[in-house]
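Scroll down for the structure; my scribbles are underneath it.
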Amino acid sequence: MSLALNVWQRVPGSRSLEILPIFAKPSIVSSNCFIVSAPAAILVIDPGASDEQTRRINDVVTGALAVSKRPVLVFLTHCHQDHSQEMDRLVLPAGTDVRRLAHDAAARALERSDRALTCAYLYPWDPPICNAPIHGRLFAPDGACEASGLSLGRGDRLEITRRPASLQDDGLGQRSIALGDGERLDLYHTPGHTSCSLSFRIGELLMMGDLPFAANPGICGLDGWNQEELIRTLPGIDHLLDSREVAICCPGHGHAVSAATMRDQLRLMREEARDLTAVEGMNAIRITGLKRYADEFLEEASALFTILSGRLYAASYYLVDEGTDGLPVPLDLDGIDSTLTEFRRFDEAFRYSTTPELSVVIKGAQAARSLLQALARDDVQRLLDPSLVGRARRRLTDFLSVVRGWPFLSAESPSRVNSVLAQLVARVKSHDDTDATELLALANDRRRFLDVLTRRLAARSPFDQVTVDYVESYRSSEAGIAAERLDDIVTSLIEGMAAAGARHLRLATEAANHQLLVRLSADITVTGEALGQRRLALYKRTLGWLGGSLEREQDAPTTFLVRLPELSQGADRAIR
Amino acid sequence: MGDLQVTIERLAATITVHASGPVDGKTAASLHEPLLEAAATPDATVCLDLARVPYMSNAGLRVLVLAAQALRARDGRLRLEHVPPHIENLLNSAGFTSFVDVA
């Protein structure tokens with residue numbers, strides 16, 4: 001069972017209700033809209049924020065009114081700009097009785113043109129906030145100012161029945177509106193994404209607004225978001241979906257899904273939501289910082305995944321001699337390419353459009369999740385360079401954590417710097433391993449032989465001829481940075497300098513003013529362009545968050561100086 | 001940003017494929033056919049000019065491997081010219097310079 005786009009169709013589980021869904025292209029610019037034709041009224045749920053969508057709503061509702069003149073009730077699932085902007089811009093036939101209904105908190109936010117709660121600040125074109133009067137204020141905390149009914153033209157009245165949360169099995173506050181012919185609209189207060197979030201049920205359809213995205217990176221932490229409320233709401237929705245009274249769920253963005261799919265999605269989200277304690281709130285400054293971080297993350301992820309994939313392709317060049325049809329590929333290389341290409345093009349298009357910065361951040365988070373899934377396959381670790389795979393995984397996890405607003409860096413455990421660097425240098429030197437015993441032992445097992453050969457080829461360092469000397473001139477060497485993070489940054493710099501042509505590198509530690517320094521010198525000049533300016537910016541940013549720094553100490557030949565954070569360093573870790 | 005333009009230049013026994021634009025999952029197919037066709041030309045030396053390629057993803061690397069394999073079948077090697085530093089860096093890191101020549 002599904003919903004067709006843009007056509008009238010019977011509402012599943014109802015006798016006389018029809019629905020016309022308008023699915024907007026998924027973005028944070030405009031939401032989906034649902035138009036319902038009932039005997040007693042026409043409902044418009046979330047008009048959205050697009051002129052084109054508004055024209056379509058006007059046409060559809062005008063057509064329905066021509067068949068039978070009825071009041072038009074415009075509802076909001078919540079007050080965000082992408083759902084509410086067009087609420088008072090519908091142009092309907094003269095004499096049409098239009099009534100607007102929303103949660104009391106949404107009505108208040110809109111009335112005072114609250115740019116934070118409506119998220120209007122996200123949009124660079126400074127959109128107008130709809131502050132037209134709300135006729136039906138639902139779920140007011142004291143109940144006193146809440147509508148118990150609406151007076152309509154010709155002396156009619158629309159009754160709104162209240163059912164307190166305490167009397168409901170699902171624990172959700174509920175209101176109901178009779179739609180004629182025994183049909184009913186149920187409204188549930190489902191806070192979490194915003195305090196004013198409502199879900200609507202007609203027949204076997206549940207329209208949920210943005211609740212299904214409430215724990216997503218880039219979404220959680222927006223003004224009005226509340227982890228405790230979200231955690232309280234989700235079991236109620238789960239109960240509704242379990243009751244078999246709902247067959248299809250319609251989110252505020254993207255396509256409808258079955259109740260079973262939504263239930264699984266929300267159960268996963270419940271697990272994620274539990275971890276979202278103390279997340280940093282979103283605001284304009286933080287979003288600008290996240291956008292810059294997304295640009296840097298894109299460069300780093302592109303480089304790491306291109307190297308991972310490239311090493312597999314390089315292996316395939318040699319494997320042809322083994323009579324293979326292709327690689328025993330542990331990665332969906334086309335899928336990875338498609339994810340990164342889509343993100344890159346979205347990011348590039350941003351420069352020439354008025355797309356909100358948060359859209360790029362959310363796109364980056366979607367790409368990061370998809371790439372993490374690609375790395376989750378069992379054979380990835382078996383066939384690919386574990387150092388590269390580990391680095392890629394950590395950068396993806398870092399990005400998602402920072403976008404979510406987790407203060408993950410403050411939990412950084414100290415590392416013993418000399419030991420980390422000594423192991424790193426040993427690992428670089430071990431790349432010239434030529435022991436073929438494993439291969440010889442598998443000569444009669446073609447599949448395992450190819451597996452091992454692929455792993456050896458794909459993990460083969462292209463820097464065999466590079467030497468790295470390590471000078472440990474400072475012995476007491478604990479610093480406030482995790483061992484893996486320090487290893488990742490220094491390894492990436494070494495690889496970048498070697499790939500740019502350096503043949504001899506020198507790594508040394510020393511102390512100055514209570515701070516531990518790591519100096520990395522090459523025998524040639526390595527340009528920022530070769531290393532990737534945004535990748536360097538990412539390492540600088542990460543060290544800066546921790547209270548350290550990265551600087552180019554000398555150009556010719558190139559020397560980088562890494563100032564490691566002190567153990568007690570309590571850096572300002574907010575995204576800037 | 002946008003599309004990849006590919007032009008072919010023949011000079012004596014050398015075929016140079018000039019690419020202009022990003023070589024990624026959306027555009028690599030435009031490079032695949034002309035480059036493989038050049039690689040299949042008997043006795044031709046094949047060069048790929050990357051001077052105007054701002055970005056190359058793994059889809060581009062795949063095309064390079066296929067061309068290098070086709071050339072190896074007749075004892076040839078793919079020659080890359082005017083490679084931007086960050087792309088040369090990736091090629092080195094991925095181990096490509098063991099079977100393609102970077103001028």
Run lengths n ≥ 4 of DSSP H only: what is the helix-derived mean residue ellipticity at 222 nm for chain A, with -39500 (n - 2.57) per run over all residues, to the nearest 500? -12500 deg cm²/dmol
Fewest-first ordering of A:Leu550, B:Leu4 by Cβ atoms within 10 Å yields B:Leu4, A:Leu550
Please list, ordered by chain and number, the residues whose modelled amide H lies under 5 Å from the amide H of A:Glu553; skip anything fewer than 5 residues away on the same chain. A:Thr559, A:Phe560, A:Leu561
Using a Förster distance of 30 Å, how high is the FRET efficiency between A:Ala165 and A:Ser2, based on the Cβ-Cβ distance and rounded to 0.05? 0.45
Over chain B, the sum of -39500 (n - 2.57) across DSSP H runs of at least four, divided by residue number and rounded to 500 deg cm²/dmol, gives at 222 nm -11000 deg cm²/dmol
Within a 10 angstrom radius of the beta carbon, how do B:Asp75, A:Asp88, A:Asp385, B:Asp101 rank from fewest other beta carbons to most? B:Asp75, B:Asp101, A:Asp88, A:Asp385
Output the direction-averaged projected area (hull surface divided by four) of the convex hull of the alpha-carbon atoms of the stretch A:278-406, in nm². 8.8 nm²
Estimated distance in nm for a label pair at A:Asp523 and A:Glu348, the labels positioned 7 Å out from Cα along Cα-to-Cβ: 3.8 nm
Using a simple spin-label model with points 7 Å from Cα along the Cα→Cβ vector, what separation in nm is obtained for B:Thr14 and A:Leu268? 5.3 nm
Of the convex hull enclosing the alpha-carbon atoms of the stretch A:1-78, the direction-averaged projected area in nm² is 5.5 nm²
Using Cα-only point scatterers and the Debye equation, what is log10 of I(q)/I(0) for chain B at each q in 0.13, 0.16 Å⁻¹, rounded to two decimals? -0.39, -0.60
Across the residues of A:348-360, average count of Cβ atoms on other protein chains within 10 Å? 1
From fewest to most C-beta neighbours within 10 Å, the residues A:Ile307, A:Ile35, A:Ile285 line up as A:Ile285, A:Ile35, A:Ile307
For A:Ala147, list long-range residues whose amide hydrogen, built 1.01 Å from N in the peptide plane, is under 5 Å from its own amide hydrogen. A:Arg137
Sort all Cα-Cα distances of the protein assembly as shown into consecutive 20 angstrom bins from zero, then give the percent of pairs in each bin up to the one containing the longest distance. 16, 40, 29, 13, 1
Multiply the residue separation of A:Ala94 and A:Ser148 by 0.36 nm, subtract the distance between their alpha-carbon atoms, and state the gained length in nm to one decimal. 16.7 nm
The stretch A:1-133: Rg/Rh from Cα coordinates, Kirkwood Rh? 0.97
For the stretch A:115-125, take each phi angle, set θ = phi - 60°, evaluate the Karplus expression 6.51 cos²θ - 1.76 cosθ + 1.60, and give the result in whole Hz per residue in order, putting x for glycine and proline. 6, 6, 5, 7, 6, 5, 5, 5, 9, x, 8
Please list, in chain and number order, the residues 5+ apart from A:Ala479 or on another chain whose amide H is under 5 Å from its amide H, with Hs placed from the backbone. A:Ser415, A:Val417
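None of the figures in this text is laboratory data; all of them are computed from the coordinates on show. Nothing here was measured: the structure is a model prediction, and the numbers come from that model. FYI the Cβ positions are ideal-geometry reconstructions off the backbone, even for glycines, and counts take in every protein chain you see.
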